[in-house]
1. Of the conditions (1) touching a helix residue (DSSP H, G or I) at 6+ places or on another chain (Cβ under 7 Å); (2) within 9 Å of the ligand (Cβ to nearest atom); (3) within 30 Å of Q204 (Cβ to Cβ), E71 clears all except one; give me its number.
2. What pairs can you find where one residue is in the range 149-169 and under 22 Å from Q110 (Cβ atoms), the other is at pLDDT below 60, and their Cβ atoms are less than 8 Å apart, with a gap of 6+ or different chains?
3. Given the residues K7, K35, which is the only one that is open to solvent by 60 Å² or more (accessible area, probe 1.4 Å), under 30 Å from E206 (Cα atoms) and touching a helix residue (DSSP H, G or I) at 6+ places or on another chain (Cβ under 6 Å)?
4. What do you reckon, is D123 surrounded by fewer than 15 Cβ atoms within 10 Å (Cβ to Cβ), at pLDDT 95 or above, within 16 Å of G18 (Cα to Cα) and more than 11 Å from the ligand (Cβ to nearest atom)?
5. With the structure loaded, tell me whether G46 is of a type in the set (G, A, S), farther than 23 Å from V128 by Cα, surrounded by 15 or more Cβ atoms within 10 Å (Cβ to Cβ) and within 11 Å of the ligand (Cβ to nearest atom) or whether it fails that test.
6. Within the set of pairs 6 or more residues apart or between chains, which connect a residue that is at positive phi inside the range 19-46 to a residue that is open to solvent by less than 20 Å² (accessible area, probe 1.4 Å) and of a type outside the set (D, E) with Cβ atoms less than 6 Å apart?
7. So, in the range 29-43, of the ones that are assigned to a strand (DSSP E or B) and more than 10 Å from the ligand (Cβ to nearest atom), which residue ends up nearest to the chain's Cα centre (by Cα)?
8. Just to verify a result, which residue in the range 161-219, among those that are touching a Leu at 6+ places or on another chain (Cβ under 7 Å), basic (K, R) and not in a helix (DSSP H, G or I), is farthest from V118 (Cα to Cα)?
Amino acid sequence: MNIRPEKVPFITLEGGEGSGKSTQIKLLSDWLHSKGVEHLCTREPGGAPGAEEIRHLVLTGDVDRWTPLTEVLLYTAARSDHVERVIVPTIEAGKWVLCDRFADSSIAYQGAGRGVGVEKVRDLQRLVLGSLKPDLTLILDLPIEVGLERAMSREGGKAIKEDRIERMGKALHEQSRSVFLEIAEQEPDRCVVVDADQSVDELQLELRTIIRGRFMADG
Ligand code: TMP
């Protein structure tokens, strides 16, 4: 497999709860591995030791543990650590990076869902990330009810979920879904919206086709 030499892609997966990002990343990793493509799969919040500690802080405890502004600062602090210590060095070493959530999640969840303001959160991301942007963002889109239902059954049907953000009201999830779709409209070169309301295999095939077309010379 010839990988286009000028591109060491930084790919992010975004989407609502239960959209299947983690499963899809695992399958993409198996596929890239079988093609001999050196890559790293990582996630946010987290992906570096300090960032994983912040993950614990933001995802546990009472829903109102953090104010929305504090929350976005924590997510962004974790991102800064992850970018400097893991993402940039990995890309510089010539390995692909696949990341489960990135800055668009802060714009969608904290900017819109939690009411900090989309532009304010965008500015904060610019400040921290400089010119770093994903080369491709796959937005796994599906109706909120379907996603929350899936997330619930993943957690054994527990009424109380582990993740603070998942436990926030449906309106937050509706708002973040529409912001993901708006981002995709504003940045069509970077973002591709994929219907996540299909089987794991069908979705995986679609994601592979997109990646092959963009970054693999036989695409
Ligand atoms: P996950 O469900 O993909 O593991 O993500 C963890 C939660 O963190 C999810 O509910 C979305 C939320 N989140 C934000 O609210 N803002 C962010 O910037 C990120 C990266 C995640």
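The values are calculated or read from the model by the stated rules, or taken from the named source; none is laboratory data. From a predicted model like this one, the values you see are computed outputs, not experimental measurements. Using ideal geometry, Cβ is built from the backbone for each residue, glycine included, and neighbour counts are taken over all protein chains shown. The area values use the complete protein model at the heavy-atom level, side chains included, leaving out ligands, DNA and RNA. Shrake-Rupley method; radii C 1.70, N 1.55, O 1.52, S 1.80 Å.
1. Tallying (1) touching a helix residue (DSSP H, G or I) at 6+ places or on another chain (Cβ under 7 Å); (2) within 9 Å of the ligand (Cβ to nearest atom); (3) within 30 Å of Q204 (Cβ to Cβ), E71 fails exactly one: (3).
2. As it stands, the answer is A151/K161; R167/I160; R167/K161, since those pairs meet every condition given.
3. Exactly one of K7, K35 is open to solvent by 60 Å² or more (accessible area, probe 1.4 Å), under 30 Å from E206 (Cα atoms) and touching a helix residue (DSSP H, G or I) at 6+ places or on another chain (Cβ under 6 Å), namely K7.
4. no
5. On the way: of a type in the set (G, A, S): yes; farther than 23 Å from V128 by Cα: no; surrounded by 15 or more Cβ atoms within 10 Å (Cβ to Cβ): yes; within 11 Å of the ligand (Cβ to nearest atom): yes.
Spelling it out, it is not the case that G46 is of a type in the set (G, A, S), farther than 23 Å from V128 by Cα, surrounded by 15 or more Cβ atoms within 10 Å (Cβ to Cβ) and within 11 Å of the ligand (Cβ to nearest atom).
6. G20/A196
7. We begin by selecting, within the range 29-43, every residue assigned to a strand (DSSP E or B); these are 39-43.
Remaining after also requiring more than 10 Å from the ligand (Cβ to nearest atom): 39-42.
Numbers: H39: 16, L40: 14, C41: 11, T42: 10 Å.
Within the range 29-43, the match that is nearest to the chain's Cα centre (by Cα) is T42.
8. The selected residue is R164.
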